[in-house]
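I have placed the structure first, in the form of structure tokens, so that the comments after it can refer back to it.
The values are calculated or read from the model by the stated rules, or taken from the named source; none is laboratory data. Bear in mind the structure is a predicted one, so any value in this text is a computation, not a measurement. Virtual Cβ from ideal backbone geometry, glycine too; neighbours counted across all protein chains shown. Each accessible area value is taken on the protein alone, full model and side chains, heavy atoms only, with ligands, DNA and RNA left out. Shrake-Rupley method; radii C 1.70, N 1.55, O 1.52, S 1.80 Å.
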Protein chains: 2
Amino acid sequence: MKDVAARAGVGLKTVSRVVNGEPGVTLETESRVRAAIEALGFRRNDSARVLRKGRTASIGLVLEDLADPFYSPLSRAVEEVARANGSLLFAGSSAEVPEREQELALALCARRVDGLVIVPASEDHRYLEPEIAAGVATVFVDRPAGRIDVDTVLTDNAGGARDAVAHLIAHGHRAIGFIGDTEGIYTADERVRGYHEAMASAGLPVDEGWVSMGPTSPERVRSELDRMLSGPAPVTAVFSGNNRVTVTAVRVLADRPDPVALVGFDDFELADLLRPGVTVIAQDPVRLGRTAAELLFRRLDGIAEPPRRVELPGRLVARGSGEIPPPSA
Amino acid sequence: MKDVAARAGVGLKTVSRVVNGEPGVTLETESRVRAAIEALGFRRNDSARVLRKGRTASIGLVLEDLADPFYSPLSRAVEEVARANGSLLFAGSSAEVPEREQELALALCARRVDGLVIVPASEDHRYLEPEIAAGVATVFVDRPAGRIDVDTVLTDNAGGARDAVAHLIAHGHRAIGFIGDTEGIYTADERVRGYHEAMASAGLPVDEGWVSMGPTSPERVRSELDRMLSGPAPVTAVFSGNNRVTVTAVRVLADRPDPVALVGFDDFELADLLRPGVTVIAQDPVRLGRTAAELLFRRLDGIAEPPRRVELPGRLVARGSGEIPPPSA
DNA sequence: CTGAAAGCGCTTACAG
DNA sequence: CTGAAAGCGCTTACAG
């Protein structure tokens, strides 16, 4: 910038004015400056700009896995809102490792992102308190924050799970299995809670072998399903706790001679093309992401109100697999 | 930092040393500095650091759509390599709009990203020349750059398309339709080229109604398929040009009374669970992303060699739909 | 082991 | 309409 000013024979401030399109520069001066910029291949350095201005016009997104079919539309929605607000997006995957979430979030804060959208992997977010106090707008999405009070956007997981299980009960099932994600993950805990509530409110007992929480690896899901479907108190229907479990469940059930009812949490592409179509509780990842990002930019616009908690409903989509009656019926 | 130094009663440089874990500080001094950092809630500002150091330890990724099931694993792979190299990732979607690609890429350069991984939406990338000259490492992936010579990582699209069509020919088909993406998109053009080459090398004529290029919207794909399957020279097999076309094609063919052979470019989840399973030419988006990012960091490590062009093979995965014989056979 | 000075490339507040 | 000075928060190169 100094070189440009020298070459154009003007002051630094004048170059700054031209680069930023500010008024108060003669057309002739401006064209001289532009020529110098061109000749020198000048490119403004936004880092220096940031240092003076405070705002970086960038936000950070920390989630579990950028490649997950549930989170990638959520990311895209956050990106769109950022774009509409003139911001760029940093994105990082925690891979469900608490230390990695923290490392990412703090690295983004050190870059002075204006705000942070977080799908947490950890349970204690007090490490963010100094950042929030320093003005970093923060919104949690899909799962709540731990030990701090911030804006949060969630799906009604327990409600969705209740609907799923009630649907199976309405179709005549009494022995219903649940295969969920690892205990401690908020959504997993909420969904198993919804399962128990629905069974209880229908007056149905739950055999201890019917509920299985753990990693969503195909191996585990397959063996747990096989166990539930045979054994002393076999289930006649299965509620799968998320999209990855559902995909494996579909594979396993396809190999069995008798049809078994299935409802999955989370929708997925082609669910309607399988035979039978897969009945699901659909979340709306785009709306989750959009709502979270909009909340973030409201804060950045200076809206000061107590932290909000927004809960979006799940939606039951019946496609066939959830309407299969129990064998005896 | 100044405040911390004052409070600890040391020089600025000593604070810097403690913050950066550099040697040459007494344990006692260090603990005094740490206490001051704690008390003042000090957070290092990386923007200032960047201003001095040159490197920002961040790279940018510009692609078509972060939520696309093909690009989201590619993004994740780029992110992993960035992480392994201590870099953060900016990610942005061009939505196939050339101006948006350019706007994003230049905004990232203004933030002084160290490097750029680009899935281009435009055909002329000379706008990047000043940036590249200024030291921004740049790698193109999935589609080549236009009018500049840079590192590029591609799938062998024409080769994959030839394999797909040859496979259908080997199963007895002579009237084979192709539904591709919009003309002008590199991968679309390469795949239609492969289609024609395979037909030609088998000595088969191509009816002009058998090839259709355009948007991948379900409406267009459906109407074009219906047209190709009826009319004067109906096809007995279809080669679909990408994952979105394939998904619609599966839906359309499922509604038809007679089985029609189908091979799709790009693999997709659950392709094996459909009846029949869908035969595809599988690309490896993770490997594309990883290779591109590794090439980028090689450049950042100072490797100076002529731009490289890496081409990864596609892989035919036979699952049933591509092995359906023509009706007369 | 420690620190004062200069500077990275911009913008802000002010004066002309 | 234009510019010189100060400063954003760090690091570099040097001296003690």
Study note, to complete from the structure: For region B:9-67, the Kirkwood Rh over every pair of distinct alpha carbons, in Å, works out to 14.0 Å
Revision key, fill the gap. Using eta = 0.692 mPa s and T = 37 °C, Stokes-Einstein with Kirkwood Rh from Cα pairs puts D for the protein assembly as shown, in µm² s⁻¹, at 119 µm²/s
Practice item. Report the calculated FRET efficiency for A:Glu22 and B:Tyr127 (r = Cβ-Cβ distance, R0 = 22 Å), to the nearest 0.05. Key: 0.35
Check your understanding: Between A:Glu269 and A:Asn45, how many nm apart are label points set 7 Å from Cα along the C-beta direction?
Key -> 4.3 nm
Check your understanding: At a probe size of 1.4 Å, how large is the accessible area of B:Arg244, to the nearest 10 Å²?
Key -> 80 Å²
Revision key, fill the gap. Helix A:98-110: inclination vs chain A longest Cα principal axis, degrees, rounded to 10, gives 20 degrees
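Relative to the Cα centre, what is the charge dipole magnitude of the protein assembly as shown, using +1 at the beta carbon of each Lys and Arg, -1 at the beta carbon of each Asp and Glu, and rounding to the nearest 20 debye?
Working: 78 positive and 94 negative charges, 462 e Å.
About 2220 debye.
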**Study point:** Amide H within-cut-off set for A:Arg309, under 5 Å, with H built and near neighbours excluded
**Key:** A:Thr152
Exercise for review: Express the carbon and sulfur contribution to the solvent-accessible surface of region A:216-329 as a percent, rounded to the nearest whole number, probe 1.4 angstrom.
Suggested key: 53 percent
Point to revise | Interface area, A with B, accessible, probe 1.4 Å, both sides summed, Å² nearest 100 | key: 4600 Å²
Review point. How many nm is it between the label spots at B:Leu204 and B:Thr182, if each spot is 7 Å from the Cα in line with the beta carbon?
Key: 2.9 nm
Check your understanding: Given B:Thr246, A:His167, B:Leu128, which one lies farthest toward the positive end of the charge dipole of the protein assembly as shown, if we put +1 on the Cβ of every Lys and Arg and -1 on the Cβ of every Asp and Glu?
Key -> B:Leu128
Check your understanding: Could you sort A:Lys13, A:Lys53 by accessible area so the largest value comes first, with the probe set to 1.4 Å?
Key -> A:Lys53, A:Lys13
Exercise for review: Straight distance only, please: which lysines reach the Cα of A:Lys2 with their own Cα at less than 25 Å, same-chain residues fewer than 8 apart left out?
Suggested key: A:Lys13, A:Lys53, B:Lys53
Check your understanding: Is it possible to state the helix-based mean residue ellipticity at 222 nm for chain B, with each DSSP H run of 4+ residues giving -39500 (n - 2.57), the sum divided by total residues, to the nearest 500 deg cm²/dmol? What is it?
Key -> -13000 deg cm²/dmol
Exercise for review: Note every residue of region A:40-68 with a reduction of at least 40 square angstrom in accessible area, all protein chains present versus the isolated chain, computed with a 1.4 Å probe, or write none.
Suggested key: A:Arg43, A:Asn45, A:Asp46, A:Ser47, A:Leu51, A:Leu66, A:Ala67
Exercise for review: Convert each backbone phi in region A:29-36 into a coupling constant with the Karplus relation 6.51 cos²θ - 1.76 cosθ + 1.60 (shift: θ = phi - 60°), then list the ³J(HN,Hα) values in order as whole Hz, x for Gly and Pro.
Suggested key: 4, 4, 5, 5, 5, 4, 4, 5
**Study point:** Qualifying trypsin sites (Lys or Arg not before Pro) for region A:105-167 [loop in DSSP, other Cβ within 10 Å: at most 16]
**Key:** A:Arg147
Practice item. Report, in debye and to the nearest 20, how large the dipole of region A:2-44 comes out about its Cα centre when Lys and Arg carry +1 and Asp and Glu carry -1 on their Cβ. Key: 160 debye
Point to revise | Heavy-atom accessible area per residue - region B:2-44, 1.4 Å, Å² | key: 63 Å²
Point to revise | 5 angstrom amide H check on B:Asp272, placed H, neighbours 5+ away | key: B:Val278
Point to revise | Degrees between helix A:186-201 axis and first principal axis of chain A (Cα, 0 to 90, nearest 10) | key: 30 degrees
Check your understanding: Under 5 Å between amide H atoms, partner at least 5 residues away or on a different chain: which partners does B:Thr155 have, H built in plane at 1.01 Å?
Key -> B:Asp142, B:Leu312
Practice item. Quick one: pull the percent of accessible area on region B:2-44 belonging to carbon and sulfur, 1.4 Å probe, ligands and nucleic acids left out. Key: 51 percent
Point to revise | Label-to-label distance, nm, for residues given as B:Ser223 and A:Ala95 (7 Å Cα→Cβ offset) | key: 4.8 nm
Check your understanding: Per-residue accessible area for B:Arg32 at 1.4 Å probe radius, Å² rounded to 10?
Key -> 90 Å²
